[in-house]
Amino acid sequence: MGRDQTNHGGPGFSRREFLKGSGAAVVAGAAATAAVDGPLEAQQPATKIISAGPHTITLHVNGEDQQVTVEPRVLLIDVLRNDLNLTGCKDVCDRSTCGACTVLIDGKPVYACTRFAIEVVGQKIVTAESLHSPEKTDDVVTAFCKHDAIQCGFCTPGFVSAVRGFCDQNPGATEDACRRALGGNICRCGTYDGVLKAAYDTAQIVQ
Amino acid sequence: MVERKIGWEPQGSHTLVGGEIQRVEGKVKASGQAKYTNDINTPGTLFAKLLTSPHAHAKLVLLNIEKANAVKGVKSVLAMAKVGDEIRYEGWPIVAIAAERPEFAEDGLRAIEIKFEPLPHFVDGSDLKGAIEADMTVDGQPLKLTKSMGKSGRGDVEVALREAKHVHRGTYGIQMITHMSMEPHGSHAAWDGENLNVALSTENVSGTSGQYVQPVGVEAMNVNVRCDFMGSGFGSKSTVDEWDVACAKLAKATGKPVRLMLSRTTEMQIGGNRPSAFATVTVACDAEGNVTVWDSHHWGSNGLQGLTVGLGVTPYVFQPKNRQSAATGIATNCSPERPWRAPHHPQACAYTQTALDDLAAKAGIDSLQFFKKNLDLTPLPHIYGPELEIAAKLMDWKGKWHPRGAGAGNGPVKRGVGVALHTWNGAANQSNVMLKVHSDGSVEVVTGSQDVGTGTRTCIAQVAADTFGVSMSAVKVSLGSNQFPKAGSSEGSATIGGVTGPVRRTAQQALWKILDLVAAKYTVDGATLIARHGRIWSGFKEVCTWKQAASLIGPMGMELYGGPVTEDEGLTNHQVGGVQMAEVAVDTETGVIRIVKLVAVQDAGMIVNRLLARSQVYSGLIMGIAYSLSEERIMDNKTGRFINANLNDYKLPRIGDIGDLVVEFYEPESEYKRGVIGLSEPPVISTGAAISNAVANAIGVRVPVLPLTPKRVLDALKGAKG
């Protein structure tokens, strides 16, 4: 069956359907990631069983607490986009490969489509929207404009978030290091040359 | 005296036009605050998703949507096909569901009962013999898959072949690809009484409202189309598609706003299709390397329509005196063609200029010398000649070229260089603008055009600000609505010329009216006045500020309308030329190709914005790297499916794959004076041929089919060894 919203987990099984059908086994904090993605032994100690129905959770996004009510199967990307209207987090590939939904979670660039919303309760989530306001424009945004690392702009916020996170963690990074580190984002228009220059510039400012 | 003549200032005299100006919407785009169609979440918006066909050819024998209607959160289910329908390609839309949340729409899709009776399919556009022999039907009637697209030619190929010194015969090809727009096709539709308000991801804001009339049952005057930001289309987004119609119908049925964007897989399957082309070519030259013969037959597929690359671009740019070409189109069970950036040119360039490069090698002539020697066979030798000189210096062609496969070093990695050239019409589209000068000196420009990423807003603001001598921030540009003055579709690199021309003319006319008011008020000779740096000057003497000048208009402001440009105004023109050179490193053990350096030298008449123009050329080069090295719509003839219709397996270059990109504009006064000519399409055209030629130079054999995947490289090397 060809479904528009395809399930890619193999015949008759997907992570989303599994969690929906069985109730999600979730442990707090970082271990929740392991419960989903990690090796088998990490999945053993399920400390809390929650129902598949809607839950009210509080997410810390761009410096503010936000309450949302969602089922455990709902991904962070969908909560950001559909519940909080933070649509700079773009849904492009539907399989965690293009980086257009990159946000910062506790300072690290993460694809928002690889986290369930309920997993990131208690973590600090930063989206591209917070990097520009009438009062202040982040250096990454400024550098993207200077080097015209923007065309249609659809992949750009994800790239901006990735660059922000990378530069914070790698002050003074070389151009080669930027090139190696930013391979997680796809741009179709072909802005890579500008992105590379913008990333390098930003990394030098952080230094 | 300042001559009052519609047109651009002499080269070097503009203050903003031609400069490196950052895009006006840069910050809102970079920070994700720009709202694309895909992002519109007006209160109560429902999310719609599609059920599509997994089969390339099948009859729909069962469709029951009742259970989907009962699923929690599902608000409306719309059948887009009916039992008995013949599905003719994978991804064919069958049902659309609108629900309160995306996950509920998915639940609804799972509840649909559906059955197909698969029918024989054919999806391999490279297989001419298979297409001729295929036993296919449509609606039970026999269907012939191949059809002649005619022949063209002149001179006497047979005689010229007998007289030629060097003759080369080869087979070449370039595979089908898909547009892969980052923002998928789709829309957000909301009804307000009789009015249908649509946010549509489109390159054709002014031309789409009428397409809703018949299928939705609405009057054109009641359709409002908006597109503030567009997440790329490359030619694929100029129509209202069946899923957009479904979106409007679901909105009507539910009384709520509905957003329906294609999923990534469906987007790749049906959102765009660039035809494949495969060619057998015979080329010949005399002892000095003058090309005398072109003889080709090419075939390929653009999906259902059964066409391939046109004869009009075959052979590409070089037109030997004796030439003949024939083409055969193949109908395949793939979604229909949509124009892909410089339609048909990259393919024709690839099979033409790789064949010519092989002939150069056979004649033992340096490829660059060979191309230069034959420039009189092209329409633009006066452009290509100087461009090739510039490119050769930037590439250090002399230092890097070597006879095929004879580069230095004994290791497995071989380096080589290649060259190719291209042309594009790029004439301005038909666009109207409204320009308003307010009495406080601020300026508004309004047009029904769109900014698809090329910088339409910025270029308009630049031209208006430059003409009035004010800063960019004094100009507000509004576009992206069909309520604004009608403007042409953004296809064929027609937009920047299409909008800057009318803006310049209208701004000049407005300025002259204001200068006349200044002349009367300050009793100076109006013919001496110019507007610069926020002031009005008579020679070197300041007469008044721009704000004082604008205040003379009166409180109603001044509103002027400007119609489309014509080339005799000197604001725009058509036909540009560009050349590209590639340097590659090929690992002969793994077949992996690395781009070391690409050089692009491009003519585009008068450059409006150097920063954004350079971005267009980078963009062309990078999309060129994609279809040259890795990007391919892999159609599996056994299952009929596009087996890599996802971004894991549809290989696009990433930031580390692009090498050193060098962009140079060829803008001598002779070309500057022609005015603005489209730039977006040309730089994507010759990248494929240049890279393929560089690979042949590196490894000594031709890898005949693009993309040059490691397997194809290794196969070519193995074939050469026998």
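For residue B:281, indicate whether it is in contact (Cβ under 8 Å) with a residue 12 or more places away in the chain, among the hydrophobic types (A, V, I, L, M, F, W, C), within 19 Å of residue B:50 (Cβ to Cβ) and not assigned by TED's automatic domain parsing to the domain that holds residue B:361. No; evaluated as a whole, the condition is false for this residue. Looking only at region B:436-479, residues that are surrounded by 24 or more Cβ atoms within 10 Å (Cβ to Cβ) and polar (S, T, N, Q) come to 8 in all. The one condition from (1) surrounded by fewer than 20 Cβ atoms within 10 Å (Cβ to Cβ); (2) in contact with a Phe, Trp or Tyr (Cβ under 8 Å, 6 or more places away or on another chain); (3) not small (Gly, Ala, Ser) that residue B:334 does not meet is (1). When region B:488-504 is filtered for residues that are part of a loop (DSSP other than H, G, I, E, B) and within 15 Å of residue B:453 (Cα to Cα), the ones remaining, listed by number, are B:489, B:490, B:491, B:492, B:493, B:494. Is it the case, given these coordinates, that residue B:393 is more than 15 Å from residue B:504 (Cβ to Cβ), basic (Lys, Arg) and without any contact (Cβ under 8 Å) to a residue 12 or more places away in the chain? Against the criterion (more than 15 Å from residue B:504 (Cβ to Cβ), basic (Lys, Arg) and without any contact (Cβ under 8 Å) to a residue 12 or more places away in the chain), residue B:393 qualifies.
When region A:194-207 is filtered for residues that are surrounded by 24 or more Cβ atoms within 10 Å (Cβ to Cβ) and either within 8 Å of chain B (Cβ to nearest Cβ) or under 18 Å from residue B:647 (Cβ atoms) (or both), the ones remaining, listed by number, are A:194, A:195. Evaluated against (1) surrounded by 16 or more Cβ atoms within 10 Å (Cβ to Cβ); (2) more than 23 Å from residue B:33 (Cα to Cα); (3) away from every other protein chain (no Cβ under 14 Å), residue A:48 falls short on exactly one condition, (1). Given the structure, is residue B:37 within 9 Å of chain A (Cβ to nearest Cβ) and β-branched (Val, Ile, Thr)? Here the answer is no, as residue B:37 does not meet what is asked. Checking B:526, B:497, B:480 one by one, the residue that is at pLDDT 95 or above and on the phi < 0 side of the Ramachandran plot is B:497 and no other. For residue B:230, the test of being among the hydrophobic types (A, V, I, L, M, F, W, C) and within 13 Å of chain A (Cβ to nearest Cβ) is passed. Pairs are defined by a Cβ separation below 6 Å, a sequence spacing of at least 6 or placement on different chains, a first member in region B:414-428 that is among the basic types (Lys, Arg), and a second member that is assigned to a strand (DSSP E or B) and modelled with pLDDT of 95 or more; the pairs so defined are B:414/B:586; B:415/B:585. Of all residues in region A:101-154, those satisfying the criterion of being under 18 Å from the mean Cα position of the chain (by Cα) and of a type in the set (D, E, K, R) are A:106, A:108, A:115, A:119, A:124, A:129.
Against the test of being within 14 Å of chain A (Cβ to nearest Cβ), within 30 Å of residue B:404 (Cα to Cα) and surrounded by fewer than 18 Cβ atoms within 10 Å (Cβ to Cβ), the options B:610, B:654 yield a single qualifying residue, B:654. The one condition from (1) over 27 Å from the mean Cα position of the chain (by Cα); (2) buried (at least 20 other Cβ atoms within 10 Å of the Cβ) that residue B:83 does not meet is (2).
Listed by position, the helices (runs of 4 or more DSSP H) inside region B:647-722 whose residues that are under 30 Å from residue B:502 (Cβ atoms) number at least 2 are B:669-672. What about residue B:632, is it under 21 Å from the mean Cα position of the chain (by Cα), farther than 15 Å from residue A:186 by Cα, in a strand (DSSP E or B) and not hydrophobic (A, V, I, L, M, F, W, C)? Judged against the criteria, residue B:632 is not a match.
Among the residues in region B:549-562, are any touching a residue at least 12 places away in the same chain (Cβ under 8 Å), over 25 Å from residue B:446 (Cβ atoms) and of a type outside the set (A, V, I, L, M, F, W, C)? Within region B:549-562 (the criterion being touching a residue at least 12 places away in the same chain (Cβ under 8 Å), over 25 Å from residue B:446 (Cβ atoms) and of a type outside the set (A, V, I, L, M, F, W, C)), the answer is no, since none of the residues qualifies.
Is it the case, given these coordinates, that residue A:181 is outside the structural domain of residue A:109 (by TED's automatic domain parsing), farther than 24 Å from residue B:39 by Cβ and under 16 Å from the mean Cα position of the chain (by Cα)? So residue A:181 passes the test. Residue B:520 fulfils the conditions (1) in contact (Cβ under 8 Å) with a residue 24 or more places away in the chain; (2) assigned to a helix (DSSP H, G or I); (3) over 19 Å from residue B:470 (Cβ atoms) except for a single criterion, (1). Kindly establish whether residue A:68 is within 11 Å of chain B (Cβ to nearest Cβ) and in a strand (DSSP E or B). In short, no.
As for region B:485-500, it holds no residue that is of a type outside the set (Val, Ile, Thr), within 19 Å of residue B:442 (Cα to Cα) and assigned by TED's automatic domain parsing to the domain that holds residue B:447. For region B:50-77, the set of residues classified as closer than 24 Å to residue B:200 by Cβ, within 12 Å of chain A (Cβ to nearest Cβ) and either in contact with a Ser or Thr (Cβ under 7 Å, 6 or more places away or on another chain) or surrounded by fewer than 23 Cβ atoms within 10 Å (Cβ to Cβ) (or both) consists of B:50, B:52, listed by residue number.
Candidates B:312, B:303: the one that is of a type in the set (Gly, Ala, Ser), outside the structural domain of residue B:705 (by TED's automatic domain parsing), under 24 Å from the mean Cα position of the chain (by Cα) and part of a loop (DSSP other than H, G, I, E, B) is B:303. Scan region A:70-114 for residues that are crowded, with 24+ Cβ neighbours inside 10 Å and among the polar types (S, T, N, Q) and the total you get is 1.
Do you know which residues across region B:523-549 are assigned to a strand (DSSP E or B), surrounded by 15 or more Cβ atoms within 10 Å (Cβ to Cβ) and out of contact with any strand residue (DSSP E or B) (no Cβ under 7 Å at 6 or more places or on another chain)? Once the filter is applied, which keeps residues that are assigned to a strand (DSSP E or B), surrounded by 15 or more Cβ atoms within 10 Å (Cβ to Cβ) and out of contact with any strand residue (DSSP E or B) (no Cβ under 7 Å at 6 or more places or on another chain), region B:523-549 yields only B:531.
Looking at region B:361-472, the helices (runs of 4 or more DSSP H) lying wholly inside it that each contain 3 or more residues that are β-branched (Val, Ile, Thr) and touching a Leu at 6+ places or on another chain (Cβ under 9 Å) sit at B:456-468.
Determine if region B:372-379 includes at least one residue that is farther than 16 Å from residue B:599 by Cα, in contact with a Pro (Cβ under 7 Å, 6 or more places away or on another chain) and at pLDDT 95 or above. Looking for residues that are farther than 16 Å from residue B:599 by Cα, in contact with a Pro (Cβ under 7 Å, 6 or more places away or on another chain) and at pLDDT 95 or above, one finds at least one in region B:372-379, hence yes.
Report whether or not residue B:708 is of a type outside the set (S, T, N, Q) and crowded, with 20+ Cβ neighbours inside 10 Å. Against the criterion (of a type outside the set (S, T, N, Q) and crowded, with 20+ Cβ neighbours inside 10 Å), residue B:708 qualifies.
The values are calculated or read from the model by the stated rules, or taken from the named source; none is laboratory data. Quick caveat: nothing in here was measured; it's all calculated off a predicted structure. Quick reminder, even Gly has a Cβ in these numbers, built from the backbone with ideal geometry, and neighbours come from all protein chains shown.
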